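Structure, as structure tokens:
A short reminder: the numbers here are calculations on the coordinates, not readings from a lab. A quick note: this is a predicted structure, and the numbers were derived from the prediction, not measured. Ideal geometry is used to build each Cβ from the backbone, glycine not excepted, and the neighbour counts take in all protein chains shown.
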Amino acid sequence: MRNDYPHDELLQSGHLACQGCGGTMTMRHCLKALGPDTICIIPACCWTIISGNFPYSALTVPVLHTAFETTAAAASGVRAALDMQGKPNTTVLGFAGDGGTFDIGLQSLSGAAERNEDIIYICYDNEAYMNTGIQRSSATPELAWTTTTPETRPKLGPKKNMIQILAAHKAPYCATANVAWPEDLIRKVKRAAGIRGTKFIHVLSPCPPGWKISSEMSIEIARLATHSKVFPIYEVINGEEYHINIAPKNVPVKDYLRAQGRFRHLSNEDIQHIQTRIDYEWKILLQREMTESFQKNMP
């Protein structure tokens, strides 16, 4: 492990997460990056349970539990209160799952981004409403199984692209990250902490029960997601500059899909359809990065 990797543990033992929970790994690394002068805003999600029963908490930073749809609104209020108290350097961290970000909380996140509130918003994306029984969200991948999209009626349509939505708001900093690369995640959280305005980081966070994988496979499956280009790792600055951070190894998408029980019903034709879509989206991402580079080098 690199010497500059933070060693302070602000997530303590005794939390209530499942084994192999990507959301718990995400929280641990994010708090390592931000340090103790942080206030965490958590809506209804797995982390409402993971942190522990009141009056106990596995987190050593202050936590405000809020309603499902209000993460960014509550974070905006906490930011305003801290500024009035003369505490501009305290970090306000919104930490929500994909259901509370892609769906129920999208309107408050959009409002905060439009106002350019000085907050960090991190979505730990396990690609369904896991806390309430594995129901589909708009972050659920195409044709995936959930309890509300069973094998006979799998989820239709592609996953919502939240980075593009926040980039369209011209947020100062947006990024994707993956728990399989913790040093990249920590670097991005630290970078976000040094930027004024709304920062959004979308972190792929495997869920063993929901993805139907064994807990010890969480990191390997997450790594396959990026190397197959299903979940690219990149940054967007001011909604304009695109920078791909991790070069994929061009693993076939079928290697990622076949490793998870939630995709076991897919036919070869289904997998080829998904491969075609992933290849197209990767091509578009490369074009965005190259366009930005070309514009910078114009006379």
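Are there GluC sites (Glu not before Pro) in the range 161-252 that DSSP marks as loop and that have at most 13 other Cβ atoms within 10 Å, and which are they?
Of the GluC sites (Glu not before Pro), the ones in loops of the range 161-252 whose Cβ has at most 13 other Cβ atoms within 10 Å are GLU240.
Using θ = phi - 60° and the Karplus curve 6.51 cos²θ - 1.76 cosθ + 1.60, what whole-Hz ³J(HN,Hα) does each residue of the range 54-65 get, with Gly and Pro shown as x?
Going residue by residue, I get 4, x, 9, 8, 7, 9, 9, 10, x, 10, 10, 7 Hz, with x marking Gly and Pro.
Taking the alpha-carbon centroid of each part, what is the distance from the range 251-281 to the range 171-243 in angstrom?
20
May I ask for the Rg/Rh ratio of the chain, computed from Cα atoms with Rh as the Kirkwood radius, given to two decimals?
0.95
Can you bin the range 83-137 into rounded, prolate or oblate? Criterion: square roots of the alpha carbon gyration tensor eigenvalues sorted a ≥ b ≥ c, rounded for a/c under 1.5, prolate for a/b above b/c, oblate for the rest.
prolate
What percent does the relative contact order of the chain come to when contacts are Cα pairs within less than 8 Å and at least six residues apart?
Computed over the chain, the figure is 16 percent.
Quick one: net charge of ILE244's neighbours, Cβ under 9 Å, K/R +1, D/E -1?
Charge balance near ILE244 sits at -2.
Label 7 Å along Cα→Cβ of LYS212; the range 226-265 residues with amide nitrogen under 14 Å?
257-265
Hey, how much of the P(r) for the range 79-181 falls beyond 17 Å, as a percent of Cα pairs?
59
Which entries of LYS190/LYS249; LYS170/LYS212; LYS32/LYS283; LYS155/LYS188; LYS170/LYS229 have Cα-Cα distances beyond 29 Å here?
Too far apart for the 29 Å limit: LYS170/LYS212; LYS32/LYS283; LYS155/LYS188.
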